[in-house]
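As structure tokens, the structure follows; a few thoughts come after it.
The values are calculated or read from the model by the stated rules, or taken from the named source; none is laboratory data. What you are looking at is a predicted structure, and each value in this text was computed from that prediction instead of being measured. For the accessible areas, the whole protein counts, side chains as well, though only heavy atoms, and no ligand, DNA or RNA atoms are used. Shrake-Rupley method; radii C 1.70, N 1.55, O 1.52, S 1.80 Å.
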Amino acid sequence: MGNNENCEVKSVIELIYNRRPSHRSISGSWQSIAGEMTRIYPKSPASQSTSPDNAGESAPSSLTVWRKSLLLNCSGFTVFDAKGNLEFRVDNYSQSIRNEIVLMDAAGKPLFTVRRKKLSLVGRWKIYDGEADASGPRFSATRRVALFPSLKLARLISCRGKGQSYGVEGSFSERSCTVFDERQRKVAEILPREAVGGVAFGSDVFRLVVEPEFDAGVAMSIVILLEQMFG
């Protein structure tokens, strides 16, 4: 990894660190984390190029999701955009308590909160804007329970009047899922991450492809939801 890439990755890590409480520390040295980040998303000219067929606002956005927090003793996610820049993050301080997970942007601003309903036998969740703001939940979500094997995983119902509802089908363990709207149009996909340099990443690194009309933050909230349901 070159010096420029080292500096870029170090600045991302320092940004995360400086916005968290001082008693928290980065998980390992920044050099070792930088090596992992560059292996997951090498910022080569080829990886940043855009083909003419995919150019323009109508092209889906592709995010790389890493099932890892960059902070010590935290579980969570680190999400990069198509150019390798930090897009979203989840830093869950208490690994034993997963009833409430906050999705943040790169600067640490809360975007969505995924909260599990207590004492729910079938599994029910609420998705809120920001840190569970007073306006109430945006979505109510349930895990699909079937007597026989089924591709249907979850259902998200809008809590705001005429808002859209969504269904999720596929296999989260295999990182192969599709999110559909009410008209059965694909709005997002979870896909395995392609190997880089012949090295496969396993299930901890995968892709989130989001259609241009769909909110990438909502798509990542669905990833968090599926992790709570099936992780």
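Assorted remarks:
- For segment 206-218, the Karplus equation 6.51 cos²θ - 1.76 cosθ + 1.60, evaluated at θ = phi - 60°, returns couplings of 8, 9, 10, 9, 10, 5, x, 7, 10, 6, 5, x, 5 Hz by residue, with Gly and Pro reported as x.
- Fraction of accessible area attributable to carbon and sulfur, segment 58-230 (%, probe 1.4 Å): 50 percent
- When you restrict to C-alpha pairs under 8 Å that are six or more residues apart and normalise by the size of segment 58-230, the relative contact order lands at 18 percent.
- Under 5 Å from the amide H of ALA188 lie the amide H atoms of VAL179, GLU211, each residue being 5 or more positions distant or on a separate chain, with H modelled from the backbone and absent for Pro and chain starts.
- Other-chain or far-sequence residues with amide H under 5 Å of ARG138's (modelled H): ILE127, TYR128, ASP129
- Amide proton proximity set for ARG144, modelled H, under 5 Å, gap of 5+: ALA154, ARG155
- The 3J(HN,Hα) values that the Karplus relation (6.51, -1.76, 1.60; θ = phi - 60°) gives for segment 185-192 are, in residue order, 8, 6, 10, 7, 9, 10, 9, x Hz. Gly and Pro appear as x.
- Segment 58-230 - accessible surface per residue (Å², probe 1.4 Å): 49 Å²
- In segment 58-230, lysine pairs closer than 30 Å at Cα, eight or more apart or cross-chain: 27
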